[in-house]
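Undergrad: First the structure, then my questions, so here it is.
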Amino acid sequence: MVVNSLFRDKNFILASGSPRRKQLFTMMGLNYIVDVPLTDESFSLERQPNEIAQDLAKEKGEVIRNKHNEGIVVAADTIVVIDNEILGKPVDRADAYSLLTRLSGREHEVITGVYLNSLDKQQEINFTETTKVVFKNLSDEEKYGYIDTGHPMDKAGAYGIQDISAVFVKKIDGCFYNVVGFPVAAFYQQCLRLFAMKQGTK
């Protein structure tokens, strides 16, 4: 059940195949369907990470926007950043070990770009949310033990805070769900802003 009646008659189109984002949409009690966009997710390293996350989300959302006539399109892209470098998904066990070693004992940022488009109002909002995460110092046993679970292999930065790697987190500053893959509190506030907009106005 949604906490705000303004959401009850809204139909969302989640432009993502992420099981974690689907779980969060269900948790929020939203009426939604899933339509997964086909994009290459390539980006220029010359831009700032928050701009990259925002643009990738918008690119996904625009692909889906062109396929529907009504509803609210929601797209997102989450990246993990350390030393201003974006960490991708590991390509193999050695790469997962290398990524976890970089995160060990240090602070990194998780940035999610979110794109909202109300097809009925012809209005869109594009924003980012940043959460800072500090890992404890990881032993080789912990790194390999986590890699053996298989969890790191499909996740940016080689970890998912919603699984057993939560024990690696020493400190978190910001939205927990942003690290999972979708900033639910910021999304809620931006939806209220979108609902208040008049058709065709900024």
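The values are calculated or read from the model by the stated rules, or taken from the named source; none is laboratory data. Keep in mind the model is a prediction, meaning the values are calculated, not measured. Glycine also receives a Cβ, built like all others from the backbone with ideal geometry; neighbour counts cover every protein chain displayed.
Undergrad: Among the residues of the stretch 68-79, is there at least one that is farther than 30 Å from Glu141 by Cα, in a loop (DSSP other than H, G, I, E, B) and among the hydrophobic types (A, V, I, L, M, F, W, C)?
TA: Taking every residue of the stretch 68-79 in turn, none turns out to be farther than 30 Å from Glu141 by Cα, in a loop (DSSP other than H, G, I, E, B) and among the hydrophobic types (A, V, I, L, M, F, W, C).
Undergrad: Please go through the stretch 144-154 and give me each residue that is in contact (Cβ under 8 Å) with a residue 60 or more places away in the chain and surrounded by fewer than 17 Cβ atoms within 10 Å (Cβ to Cβ), ordered by number.
TA: Across the stretch 144-154, the qualifying residues are Met153, Asp154.
Undergrad: Ok, one more. I'm trying to understand the selection: among the residues of the stretch 1-30, which are charged (D, E, K, R), surrounded by 12 or more Cβ atoms within 10 Å (Cβ to Cβ) and within 15 Å of Leu192 (Cβ to Cβ)? Spell out the reasoning first.
TA: To start, the set of residues in the stretch 1-30 that are charged (D, E, K, R) comprises 8-10, 20-22.
Adding the requirement that they be surrounded by 12 or more Cβ atoms within 10 Å (Cβ to Cβ) leaves 10, 20-22.
Lys10 - this is the single residue of the stretch 1-30 that is charged (D, E, K, R), surrounded by 12 or more Cβ atoms within 10 Å (Cβ to Cβ) and within 15 Å of Leu192 (Cβ to Cβ).
Undergrad: Can you tell me how many residues in the stretch 103-125 are modelled with pLDDT of 95 or more and surrounded by fewer than 17 Cβ atoms within 10 Å (Cβ to Cβ)?
TA: Here the count works out to 5.
Undergrad: Do the conditions hold for Gly71, that is, is it farther than 30 Å from Asn11 by Cα and touching a residue at least 12 places away in the same chain (Cβ under 8 Å)? It would help to see each step written out before you state the result.
TA: Numbers: farther than 30 Å from Asn11 by Cα: no; touching a residue at least 12 places away in the same chain (Cβ under 8 Å): yes.
No, not satisfied.
Undergrad: Another question, if that's okay. Kindly indicate the residue of the stretch 81-92 that is closer than 18 Å to Gly160 by Cβ and in contact with a Pro (Cβ under 9 Å, 6 or more places away or on another chain) and also surrounded by the most Cβ atoms within 10 Å (Cβ to Cβ) among those meeting that condition.
TA: Residue satisfying both the conditions and the ranking: Pro90.
Undergrad: Go over the candidates Lys136, Lys121 one by one and state the one that is charged (D, E, K, R) and within 22 Å of Ile64 (Cα to Cα).
TA: None of the other options fit; the residue is Lys121.
Undergrad: Filtering the stretch 89-143 down to residues that are of a type in the set (A, V, I, L, M) and free of Cβ contacts under 8 Å to residues at least 24 places away in the same chain, which residue is farthest from Glu59 (Cα to Cα)?
TA: In this case the residue turns out to be Ala94.
Undergrad: Turning to a different aspect of this structure: Determine whether Ile161 is under 20 Å from the mean Cα position of the chain (by Cα), without any contact (Cβ under 8 Å) to a residue 40 or more places away in the chain and closer than 13 Å to Val80 by Cβ. Give the steps one after another, and end with the answer.
TA: Working: under 20 Å from the mean Cα position of the chain (by Cα): yes; without any contact (Cβ under 8 Å) to a residue 40 or more places away in the chain: yes; closer than 13 Å to Val80 by Cβ: yes.
Answer is yes for this residue.
Undergrad: Ok, one more. Quick one: is Val133 β-branched (Val, Ile, Thr) and either in contact with a Lys or Arg (Cβ under 7 Å, 6 or more places away or on another chain) or part of a helix (DSSP H, G or I) (or both)?
TA: It is false that Val133 is β-branched (Val, Ile, Thr) and either in contact with a Lys or Arg (Cβ under 7 Å, 6 or more places away or on another chain) or part of a helix (DSSP H, G or I) (or both).
Undergrad: OK, next. Could you check, for the stretch 87-106, whether at least one of its residues is part of a loop (DSSP other than H, G, I, E, B) and under 30 Å from Lys10 (Cα atoms)?
TA: No, the stretch 87-106 has no match at all.
Undergrad: Let me ask something else about it. Please count how many residues of the stretch 162-195 are in a strand (DSSP E or B) and surrounded by 15 or more Cβ atoms within 10 Å (Cβ to Cβ).
TA: Number of matching residues: 2.
Undergrad: Let me ask something additional. Condition (residue is in a loop (DSSP other than H, G, I, E, B) and closer than 19 Å to Arg193 by Cβ) applied to the stretch 31-50: is it met by at least one residue?
TA: no
Undergrad: Is there a residue being in contact with a helix residue (DSSP H, G or I) (Cβ under 8 Å, 6 or more places away or on another chain) and more than 24 Å from Arg193 (Cα to Cα) anywhere in the stretch 121-128?
TA: no
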